[in-house]
Amino acid sequence: MSTLSVSTDALTERVRHRLIALGHTPTRAAVASAVRAEYGSPIGDRTLLTLTARLHAELVGAGPLTALLADAAVTDVLVNGPQEVWIDRGAGLERVHCDLGDDAAVRRLAQRLAAACGRRLDDASPFVDARLPDGTRLHAALPPVAVANVHLSLRTFRPRGFTVDDLLTAGTLTPESAGIARAVVAHRLAFLVTGGTGSGKTTLLAALLGEVPSNERLVVVEDATELRPAHPHVVSLEARPANTEGAGEIPVRTLVREALRMRPDRIVVGECRGGEVVELLAALNTGHNGGAGTLHANALDDVPARIEALGLVGGLGRDAVHAQLASAVQVVFHVVRRPPGKDHSGGRVVTEIGVLRADAGGRVGVQPAWRRDGGPAPGLDALRRLLVARGGAP
């Protein structure tokens, strides 16, 4: 290895550590400033430009994974080792040939991607969950937390979201479910999109938000920015983790409370995964009709129990959760990622639409209103009544 490459490698490490310590995203300007500070002697403009370009590519680039992440059909890239890379194009995982070198090279790649998020990844902090500058979601884990190999999970981010028409063409929605969805949005019923990991919840939510009238203001709160609805008036708030000193954290719960002061027409929580569900239910009970969010759930029937569990985490008792939920949320769209079958091509599909209803004891349950494999269900009449009450056609 040449003296120049050793010197550049050492400078790269110093620049990387400086950016992490300062919590700076490695933009070209930030890299140039760090190079000037860490170079160790006066540096000319030409040398500065050359080193900045080289180090920026080293600190930000995804190396051999770049082409996979750039593929518009790829939603997830998973690295289980130097010679084991998997991708998801929407029909399940498939293994692809992608040579990442050796374990040390994968570790450097993981640290480079973490540094691009302004995060630390080393033996003292062996995992990271963050968002790359282009919006790609990154999770990385180092041994010994990850047994045997460094593991990377990358979920791609597309600047342009899908529309309802796009999802109709893709088969996610049918004409019937698309019509119900558009009516729910138009008449300001609050709704949740539920499903498992990678089922397409965020994609569907973004498409439905694109149906909101253009004169309404959407305030979107997320743990990591993923929603990009095709709407002219969207204000996005993103949670912030604590820095390396353990300070500066801004959780989703705080942002939901702040969103109420930003004159929203509709409040959206990208994903309810903790106590922020308490703030969301409170917000939807204060005149902010038409709000929305996503929630991990395996089936429609599981939704009330999931919300109840998250409400308990947020300090709300069972009875209070159900009392809030009964008037806060009206509709649930359930999404499933199906493997290819004999009579269908698989993919991410809306399988059920349900209506939340409270029983005589105040406990909220979900009544199916439409099923992909069966059409109208008993809850459809209740959904019609909700729409009529909001000014919809009978």
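Here are a few things to note about the model shown:
- Residue within the range 292-306 that is over 23 Å from Thr197 (Cβ atoms), assigned by TED's automatic domain parsing to the domain that holds Glu216 and more than 19 Å from the chain's Cα centre (by Cα) present: no
- Residue in the range 71-82 that is under 24 Å from Phe157 (Cα atoms), surrounded by fewer than 17 Cβ atoms within 10 Å (Cβ to Cβ) and modelled with pLDDT of 85 or more present: yes
- Subset of the range 141-155 [surrounded by fewer than 19 Cβ atoms within 10 Å (Cβ to Cβ) and touching a residue at least 24 places away in the same chain (Cβ under 8 Å)]: Ala148, Asn149, Ser153
- Members of the range 220-236 found to be more than 22 Å from Asp76 (Cβ to Cβ), of a type outside the set (S, T, N, Q) and under 13 Å from the mean Cα position of the chain (by Cα), listed by number: Val220, Val221
- Search result, residues across the range 364-394 that are at pLDDT 90 or above, buried (at least 16 other Cβ atoms within 10 Å of the Cβ) and part of a loop (DSSP other than H, G, I, E, B): Arg372, Ala377, Gly379
- Residue in the range 183-190 that is free of Cβ contacts under 8 Å to residues at least 24 places away in the same chain and in contact with a strand residue (DSSP E or B) (Cβ under 7 Å, 6 or more places away or on another chain) present: no
- Evaluation of Val85 against the conditions (1) out of contact with any Leu (no Cβ under 8 Å at 6 or more places or on another chain); (2) at pLDDT 85 or above shows that the sole unmet condition is (1).
- Among the residues here, Ser41 does not qualify as under 30 Å from Ala239 (Cβ atoms) and not assigned by TED's automatic domain parsing to the domain that holds Ala148.
- In the range 35-88, residue nearest to Val15 (Cα to Cα) [restricted to those that are in a loop (DSSP other than H, G, I, E, B) and of a type in the set (A, V, I, L, M, F, W, C)]: Ile43
- Every residue from the range 89-110 that is touching a strand residue (DSSP E or B) at 6+ places or on another chain (Cβ under 7 Å) and either modelled with pLDDT of 85 or more or assigned to a strand (DSSP E or B) (or both): Leu93, Glu94, Arg95, Val96, Val106, Ala110
- The set of residues from the range 166-202 being part of a loop (DSSP other than H, G, I, E, B) and on the phi > 0 side of the Ramachandran plot comprises Gly171, Arg188, Gly198, Gly200.
- Any hit, the range 138-147, residues being outside any loop (DSSP other than H, G, I, E, B), hydrophobic (A, V, I, L, M, F, W, C), at pLDDT 85 or above and touching a Cys at 6+ places or on another chain (Cβ under 9 Å): yes
- Among the residues making up the range 284-338, those that are touching a strand residue (DSSP E or B) at 6+ places or on another chain (Cβ under 7 Å), of a type in the set (Gly, Ala, Ser) and buried (at least 21 other Cβ atoms within 10 Å of the Cβ) are Gly290, Gly291, Ala292, Gly293, Ala297.
- Residue match in the range 211-228 (condition: over 27 Å from Ala389 (Cβ atoms) and free of Cβ contacts under 8 Å to residues at least 12 places away in the same chain): no
- Flag for Pro26 being in contact (Cβ under 8 Å) with a residue 12 or more places away in the chain and either in contact with a His (Cβ under 7 Å, 6 or more places away or on another chain) or of a type in the set (Lys, Arg) (or both): yes
The values are calculated or read from the model by the stated rules, or taken from the named source; none is laboratory data. All values derive from a computational prediction rather than experimental measurement. Note that each Cβ is placed from the backbone with ideal geometry, even for glycine, and that neighbours are counted across all protein chains shown.
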